[in-house]
Amino acid sequence: MIRLKKVGVLSLAKFQGATSALIGLIAGIIMAVFSLVVNQFFSSFGDSIDIGGVGIFAGIGAVIGIPLLYGLIGFISGAIGGLLINIILKITGGLELFFEDDK
C-alpha cells in the first residue's frame, strides 16, 4: 500500500489542459465538417440565400478556437482541482493506493 499525500498542482493542470484541448480538437473538427456541410447545403440554393462563406471561416475557427478554449478551461479547472485535492488529502490523511507486482 502506498499513501498519496499530495498532487502536483501544475502537473495536474497541464495534464487536464492537454486532455481538454484534445477533446476540443475533436469537437472542433466535427463542427468544421458540419459547418462545411451546412455551407454546401445553403450554397446549393444559389443566390437566394448567401451566407458569404461564413461556414468555412466558422469551421476553420472551430478547429483553432475550440481546442484553445477547452485547453484553457481544462488548465484552470485542473489547477483549481489540484488545490482542492491537496486540501482534502491533507484533511483526510491521504488516499490509500494499492499496487500489485506481477513477478
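Structure notes:
- Listed by first and then second residue, the pairs with beta-carbon distance under 6 Å, at least 6 apart or on different chains, first residue in the stretch 3-16 and in contact (Cβ under 8 Å) with a residue 24 or more places away in the chain, second of a type in the set (D, E, K, R), are Arg3/Glu96.
- Remark: Ser35 matches the filter, which requires a residue to be hydroxyl-bearing (Ser, Thr, Tyr), modelled with pLDDT under 95 and either in a helix (DSSP H, G or I) or surrounded by 12 or more Cβ atoms within 10 Å (Cβ to Cβ) (or both).
- Checked against (1) modelled with pLDDT under 75; (2) within 23 Å of the chain's Cα centre (by Cα), Tyr70 passes all but a single condition, namely (1).
- Selected residue [modelled with pLDDT of 95 or more and either outside any helix (DSSP H, G or I) or surrounded by 15 or more Cβ atoms within 10 Å (Cβ to Cβ) (or both)] from Gly59, Gly81, Gly55, Gly28: Gly81
The values are calculated or read from the model by the stated rules, or taken from the named source; none is laboratory data. Because the structure is a prediction, the values reported are computed rather than measured. Note that each Cβ is placed from the backbone with ideal geometry, even for glycine, and that neighbours are counted across all protein chains shown.
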